[in-house]
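The values are calculated or read from the model by the stated rules, or taken from the named source; none is laboratory data. From a predicted model like this one, the values you see are computed outputs, not experimental measurements. Here the Cβ positions follow ideal geometry from the backbone for every residue, glycine too, while neighbour counts run over all protein chains shown.
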Amino acid sequence: MRTNLIVRSSPKTPKRTIPTAPLRAVVMSLGALVLCACGQGPAPDRIFHGGPIRTLNERGEVAEAIAIREGAIVAIGTARDVLALAGARTQVEDLGGRALLPGFVAVHEHPTLSAIFGGVADMSGLTHSTSAEVWAALRTAVGAARKGDWVYAMGIDPILVPDLEMPTRRSLDAIAPDNPVVVVSQTMHSFWANSRAFAEAGIGRDTADPGRVREGSASVRNDPRGWR
């Protein structure tokens, strides 16, 4: 199997093809890859070689080396062809047999939830380093709200804030006796609310369990319905 490397000296220069060693369709799968040949454009900033460059294209092809300039892929192919592009300032990195994969950005996103939670109070460990700072953020949000307004907060994370005091219904009642409050964990898998929020949602001690309750949890040991 043979392939062509795409050569372009600048973004405005028409591209031309040069026959090279085996590896076809890599350019198509990674999208408009540009190869800067010696004397035809700036040398790449970085070259990775010495390990399988997995293209993840429809043919599952694997390259030997890849060149990067200004954050963009400018060449991919055999180690001999790509290494020939190195300049005096090119950082050449040997993968030592390790595989290199395309970078994935935002592979697990919830755009709707991001929009909904865009204006909530920030209680995250990315912003606050201590439990006191976390709860001060919620108190500030409650203080800025009108009486009766719902207050939403997000970011509870005991991993990023090791001394974090976890919320209970009673602790949230003390912070916001006149406002419904809902606090969401950083993972968005756990939620806490105060008595005012439960009341406005029509949930009380006698409300039927909506589903399976995990046995052995602190909530179950205190009350079968987790009403603490």
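Whether any residue in segment 87-98 is under 24 Å from the mean Cα position of the chain (by Cα) and closer than 30 Å to PRO52 by Cα is what I want to check. Looking for residues that are under 24 Å from the mean Cα position of the chain (by Cα) and closer than 30 Å to PRO52 by Cα, one finds at least one in segment 87-98, hence yes. Given the criteria modelled with pLDDT under 95, at negative phi, assigned to a strand (DSSP E or B) and within 28 Å of the chain's Cα centre (by Cα), does ILE73 qualify? Judged against the criteria, ILE73 is a match. Within segment 82-92, does at least one residue satisfy the condition of being in contact (Cβ under 8 Å) with a residue 24 or more places away in the chain, within 19 Å of LEU56 (Cβ to Cβ) and part of a loop (DSSP other than H, G, I, E, B)? The answer is no; no qualifying residue exists.
Before we move on, is ALA132 over 31 Å from the mean Cα position of the chain (by Cα), not hydroxyl-bearing (Ser, Thr, Tyr) and not in a loop (DSSP other than H, G, I, E, B)? Against the criterion (over 31 Å from the mean Cα position of the chain (by Cα), not hydroxyl-bearing (Ser, Thr, Tyr) and not in a loop (DSSP other than H, G, I, E, B)), ALA132 does not qualify. Counting just the residues of segment 43-68 that are basic (Lys, Arg) and over 24 Å from the mean Cα position of the chain (by Cα), which one comes out farthest from THR90 (Cα to Cα)? The selected residue is ARG59. Looking at the structure I just gave you, is PRO210 over 27 Å from GLU109 (Cα atoms), at pLDDT 95 or above and assigned by TED's automatic domain parsing to the domain that holds ILE116? The answer is no for PRO210.
A single member of LEU85, LEU101, LEU95, LEU126 is modelled with pLDDT of 95 or more, touching a Leu at 6+ places or on another chain (Cβ under 9 Å) and surrounded by 10 or more Cβ atoms within 10 Å (Cβ to Cβ), and it is LEU85. Residue-level check: of (1) in a loop (DSSP other than H, G, I, E, B); (2) hydrophobic (A, V, I, L, M, F, W, C); (3) surrounded by 10 or more Cβ atoms within 10 Å (Cβ to Cβ), ALA137 misses just (1).
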